[in-house]
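Colleague: Here it is, the structure in full.
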Amino acid sequence: MTRLTLALLGSLVVGSSALQQPAPAVDRRNAFGLLGGAAAAAAVLMAGPEAAQASAARTGGTSPFTGFYDDPNHPGCLRSVKVVGAPLKGDGTRSPFPVIEITGFDGAEGAKMCTDRPTREQLWKIKGTVKSSTEALIDFSPKGGPSKLLGKFEDGGIVFPDGNKWTKVPYPGTPDRLPKDMSTLKSDS
């Protein structure tokens, strides 16, 4: 623990008025409440700037990442991006970092662009972690790429380290790129 945390906890236990007056009786519920409050204060102080930055990352339609995109390397192909809350862990907590889910289609074998609508079976899905309101680490390893590729949302699109930029398409996106048997792409979470 930091010195500041220890000082805060010490001031809760030993205050100047506690030395002058007898301590009031504290029942078990209030004692746990005081301890819980002190623990929460310590957790906030020790979480660091990374957790604070993650809380700035939004989910759903409020995230700048959420939407449909044009990928110049696969013209006319589906690129659907959603940002959802992190899954619940076994201990009942969640990571402060939301999950980015990308669903796409690269076209028929050997094709340079998409001209037909895909079937559900032709879609691929990858995930990653949103680290801030404008940065995400995406796992492209299921497609043969890197496991932690940095994608930055800037100038209306997602920019990757190789210079590729997926440009966001205004709402309602590209419904003609979705499989005919689905109008929305549901999250796996």
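The values are calculated or read from the model by the stated rules, or taken from the named source; none is laboratory data. Since the structure is predicted, the reported quantities are computational estimates derived from the model, not experimental observations. Every residue, glycine as well, gets a Cβ built from its backbone with ideal geometry; the counts of neighbours run over all protein chains shown.
Colleague: What is the one condition in (1) part of a loop (DSSP other than H, G, I, E, B); (2) at pLDDT 90 or above; (3) over 20 Å from Ser141 (Cα atoms) that Cys77 does not satisfy?
Modeller: Going through (1) part of a loop (DSSP other than H, G, I, E, B); (2) at pLDDT 90 or above; (3) over 20 Å from Ser141 (Cα atoms) one by one, Cys77 breaks only (3).
Colleague: If Ser132 satisfies every condition in (1) in contact (Cβ under 8 Å) with a residue 40 or more places away in the chain; (2) crowded, with 17+ Cβ neighbours inside 10 Å; (3) of a type in the set (Gly, Ala, Ser) but one, which is the exception?
Modeller: All conditions pass for Ser132, except number (2).
Colleague: Here is a follow-up. Go over the candidates Ala111, Ala86 one by one and state the one that is assigned by TED's automatic domain parsing to the domain that holds Gly163, in a loop (DSSP other than H, G, I, E, B) and over 20 Å from Leu149 (Cα atoms).
Modeller: Only one candidate qualifies: Ala111.
Colleague: Check off (1) loosely packed, with under 14 Cβ neighbours inside 10 Å; (2) within 13 Å of Ile102 (Cβ to Cβ); (3) touching a helix residue (DSSP H, G or I) at 6+ places or on another chain (Cβ under 6 Å) for Pro142 and give me the number that stays unchecked.
Modeller: (3)
Colleague: May I pose another question? Taking Leu123 and the conditions (1) more than 24 Å from Pro161 (Cβ to Cβ); (2) at pLDDT 90 or above; (3) exposed (fewer than 12 other Cβ atoms within 10 Å of the Cβ); (4) not aromatic (Phe, Trp, Tyr), which numbered condition does it fall short on, given that it satisfies the others?
Modeller: (3)
Colleague: Right, another one. Which condition from (1) acidic (Asp, Glu); (2) modelled with pLDDT of 95 or more; (3) touching a helix residue (DSSP H, G or I) at 6+ places or on another chain (Cβ under 7 Å) is the one that Glu154 breaks?
Modeller: Tallying (1) acidic (Asp, Glu); (2) modelled with pLDDT of 95 or more; (3) touching a helix residue (DSSP H, G or I) at 6+ places or on another chain (Cβ under 7 Å), Glu154 fails exactly one: (3).
Colleague: Of all residues in the range 61-74, which are surrounded by 15 or more Cβ atoms within 10 Å (Cβ to Cβ) and either part of a strand (DSSP E or B) or under 22 Å from the mean Cα position of the chain (by Cα) (or both)?
Modeller: Ser63, Pro64, Phe65, Thr66, Gly67, Phe68, Tyr69, Asp70, Asp71
Colleague: In the set Arg94, Arg58, Arg117, which member is surrounded by 15 or more Cβ atoms within 10 Å (Cβ to Cβ), modelled with pLDDT under 95 and in contact with a strand residue (DSSP E or B) (Cβ under 8 Å, 6 or more places away or on another chain)?
Modeller: Selected residue: Arg58, the only one of Arg94, Arg58, Arg117 that is surrounded by 15 or more Cβ atoms within 10 Å (Cβ to Cβ), modelled with pLDDT under 95 and in contact with a strand residue (DSSP E or B) (Cβ under 8 Å, 6 or more places away or on another chain).
Colleague: In the range 149-171, which residue that is in contact with a strand residue (DSSP E or B) (Cβ under 8 Å, 6 or more places away or on another chain), touching a residue at least 12 places away in the same chain (Cβ under 8 Å) and assigned to a loop (DSSP other than H, G, I, E, B) is farthest from Asp116 (Cα to Cα)?
Modeller: So the residue we want is Pro161.
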